[in-house]
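What follows is calculated from the coordinates using simple rules that are stated; it is not laboratory data. Since we're looking at a predicted model, the values are computed, not measured. Please note: Cβ atoms are built from the backbone with ideal geometry, for glycine as well, and neighbour counts cover all protein chains shown.
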Amino acid sequence: MNTRQLGATGPKVSAIGLGCMGMSALYGPSDRTESIATIHAAMDAGITLLDTGDFYGSGHNEMLIGEALKGLKGSQRDAALVSVKFGALRDPAGGWSGYDARPEAVKNFLVYSLQRLGVDHIDIYRPARLDSNVPIEDTVGAIADMVKAGYVRHIGLSEVGSHTIRKAAAVHPIADLQIEYSLISRGIEDDILATCRELGIGITAYGVLSRGLISGHWKKEGAGARISARTARASRARTSIATWRWSMRCARSRTPRA
């Protein structure tokens, strides 16, 4: 597996990361044993970057990853890097009720993530979205305090624009921006990509297969409509490979997330 450094100051990670959200929420039923086996298989294949959020399954995903990490030994465990998003608020019914990125909330979310993952530090810690009620400088400043204290290694961002990126980077070096990027979703090329290059910030791209649309596995939620297997089967494999090759060529600092 090829490796990339995330931006100018971030860690060296595998060129492809493993997004673990679907093992706990949003993409249908999941199986604990299969999920842990998937993480171990990814590590065996050379993938070192595991991405999660403390709100994926309301903490379930972090506990799952923590269990998987316990099954890794020696150099393989040392190579595993965990990226955590925080700040999204849930209700008992599983709904979304906003974001909280206040400095005191940052530390509160962090302590729970450390406990659920069973680790003493988070490799990359990032707010899931911009909290419109809190200046990004305050949020990044709070994470920077946790970097100094040894609980966080690197700071990342997620789904924010160039103006916010610049304000955040003025407070502390930013390792990467996690954002959707694919042959279909190319909005970051207008402005965000240039800003990240200028500031030495890596791009961790998600949705590189457009949630199955490019690979022929997309289906309309609730309607049961899906791309016909007869028309998609012959082309989806080569389309997926071509898409991955495109994403890998785009820039050395970008890390597609599976």
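Points to keep in mind about this one:
- Pairwise centroid distance, computed over Cα atoms, of region 23-63 with region 102-166, Å: 21 Å
- Cα gyration tensor shape of region 3-210, rounded if a/c is under 1.5, else prolate or oblate by comparing a/b with b/c: rounded
- Residues E137, E62 in ascending order of nearby Cβ atoms (within 10 Å, fewest first): E137, E62.
- Our coupling estimate for region 52-57, obtained by passing each phi through the Karplus curve with A = 6.51, B = -1.76, C = 1.60 and θ = phi - 60°, is 8, x, 5, 9, 6, x Hz, Gly and Pro reported as x.
- Cross-link table K12/K148; K85/K148; K107/K148; K73/K107; K12/K73; K85/K107, entries beyond 22 Å C-alpha to C-alpha: K73/K107
- Farthest toward the positive end of the dipole of region 3-210, out of A45, L199, V140, is the Cα of A45, where the dipole comes from beta carbon charges about the Cα centre.
- Modelled label reach - M63, point 7 Å along Cα→Cβ, region 103-122 residues with backbone N closer than 11 Å: 116-117
- Given their separation in residues at 0.36 nm each and the Cα-Cα distance between them, Q5 and R197 gain 67.8 nm when the chain is fully extended.
- Full-stretch length increase - H40, E159 - with 0.36 nm per residue and alpha-carbon distance subtracted: 40.0 nm
- DSSP bridge analysis restricted to region 3-210 gives an antiparallel fraction near 20%, rounded to the nearest 5.
- Neighbour counting of Cβ atoms within 10 Å sorts the residues K167, K73, fewest neighbours leading, into K73, K167.
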